[in-house]
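> Just dropping this structure here.
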């Protein structure tokens, strides 16, 4: 494994957060316990991180977090990804306590903690999204927080299972899949390419979301579970049988594969499915509101736990007669005859949702 110095790690984190507009002159980064850098990259003492038990942390703020911190309150998890990352809620504190995944710092911004860099970046994006929902949701409805017991379960599953491939990769222990199937190579590469396009368009973060494409009447390909999009290889893409959802032993398809399977089974015209966790559409999802404009109709499917049969039934039920679907407290799905059209629909829906939320 190639060792990355604290300075290289800081530079990478700063560059990524600057690109996301989640950086300012007061930002601080803890690249390892006791190793803290200022926004300028200079080593500093920071009591703010003194109780942090995680290997990494960052203090920063984006547009919405900066405004929210002026009059903050605890943020409840209103989407599955927030529950997975933070648990029940993000508290308001002057500094994080031991074991906190994150906290809002009054009049300043937020602190997030993480085990590896990609998780740190994802946590920043998710917390900024929570702040966005808190400020803009009154224009469309009221967010519906997830039940506390469910949040605790989702957080435990994420920490102990879902994030394991990404954690192993960050530690240089990435496993080689037992099945090295590279049939339908061109389609596998297309699925990978469109997963990366979702990241580039800020429609997903970390390993959330998924992409699939139909091979024929009997099979489809789907992205793997818990693998960062920049690490997915053709052999990681999983072939699923539409009839029964079966796949080769040793592979780990997306937890939402049943939703994809039901869509392909019900609609022969669909050859591509894209599932996103983009900011504006997730605000609609948190409020359990559909999106309707003259050009776009995206009904809201009833809530089902991430990866559950209920979620698959609910979302695929809407998508029997629509090409777009908001998934309550979860995300958004677009279907189409090809991946490019599915992506275009997801981008257009996110832009439409954002216009509604930001309208005066």
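The values are calculated or read from the model by the stated rules, or taken from the named source; none is laboratory data. Here the structure is a predicted model, which means the values were calculated and not measured. Methodologically, a virtual Cβ is constructed for each residue, glycine included, from the backbone with ideal geometry; neighbour enumeration extends over all protein chains shown.
> So residue 188 passes all but one of these: (1) over 21 Å from the mean Cα position of the chain (by Cα); (2) surrounded by fewer than 22 Cβ atoms within 10 Å (Cβ to Cβ); (3) touching a residue at least 40 places away in the same chain (Cβ under 8 Å). Which condition number does it fail?
Here residue 188 clears every test but (2).
> Would you confirm whether any residue within the stretch 53-63 is without any contact (Cβ under 8 Å) to a residue 24 or more places away in the chain, outside the structural domain of residue 300 (by TED's automatic domain parsing) and closer than 30 Å to residue 306 by Cα?
No, every residue in the stretch 53-63 fails to be without any contact (Cβ under 8 Å) to a residue 24 or more places away in the chain, outside the structural domain of residue 300 (by TED's automatic domain parsing) and closer than 30 Å to residue 306 by Cα.
> Which one is nearest to residue 236 (Cα to Cα) among residues in the stretch 185-221 that are touching a strand residue (DSSP E or B) at 6+ places or on another chain (Cβ under 7 Å) and part of a helix (DSSP H, G or I)?
188
> On to the next question. Restricting attention to the stretch 314-360, report how many residues are in contact (Cβ under 8 Å) with a residue 24 or more places away in the chain and in a loop (DSSP other than H, G, I, E, B).
Adding up the residues that qualify gives 9.
> Go through 15, 54 for me and flag whichever is under 23 Å from the mean Cα position of the chain (by Cα) and part of a loop (DSSP other than H, G, I, E, B).
From the options 15, 54, the qualifying one is 54.
Residues checked against (1) farther than 14 Å from residue 117 by Cβ; (2) in contact with a helix residue (DSSP H, G or I) (Cβ under 6 Å, 6 or more places away or on another chain); (3) free of Cβ contacts under 8 Å to residues at least 60 places away in the same chain:
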site	(1), (2), (3)
11	no, no, yes
15	no, no, yes
28	yes, no, yes
46	yes, no, yes
68	yes, yes, no
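> Looking only at the stretch 202-215, decide whether some residue is surrounded by fewer than 19 Cβ atoms within 10 Å (Cβ to Cβ), touching a residue at least 12 places away in the same chain (Cβ under 8 Å) and more than 24 Å from residue 262 (Cα to Cα).
Yes.
> Hey, another quick one. What about residue 291, is it in contact with a strand residue (DSSP E or B) (Cβ under 9 Å, 6 or more places away or on another chain), under 23 Å from residue 81 (Cα atoms) and surrounded by 24 or more Cβ atoms within 10 Å (Cβ to Cβ)?
So residue 291 fails the test.
> Select from the stretch 283-293 the residues that are touching a helix residue (DSSP H, G or I) at 6+ places or on another chain (Cβ under 8 Å), touching a residue at least 40 places away in the same chain (Cβ under 8 Å) and part of a loop (DSSP other than H, G, I, E, B) and list them in ascending order.
Residues satisfying the conditions are 287, 293.
> How about the stretch 141-167: which of its residues are in contact with a strand residue (DSSP E or B) (Cβ under 9 Å, 6 or more places away or on another chain) and over 15 Å from residue 122 (Cβ atoms)?
143, 145, 146, 148, 151, listed by residue number.
> Is it the case, given these coordinates, that residue 266 is at pLDDT 95 or above and more than 24 Å from residue 143 (Cα to Cα)?
When the stated conditions are applied, residue 266 passes them.
> Could you pull out every one of the helices (runs of 4 or more DSSP H) wholly within the stretch 64-158 that has 3 or more residues that are crowded, with 21+ Cβ neighbours inside 10 Å?
Correct list: 80-86, 117-136.
> Given (1) under 27 Å from residue 144 (Cα atoms); (2) modelled with pLDDT of 95 or more, identify the lone condition not met by residue 57.
Exception for residue 57: condition (1).
Listed here are the residues, each with its yes/no results for (1) surrounded by fewer than 15 Cβ atoms within 10 Å (Cβ to Cβ); (2) in a strand (DSSP E or B).
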site	(1), (2)
258	no, no
263	no, no
275	no, yes
280	no, no
295	yes, no
304	no, no
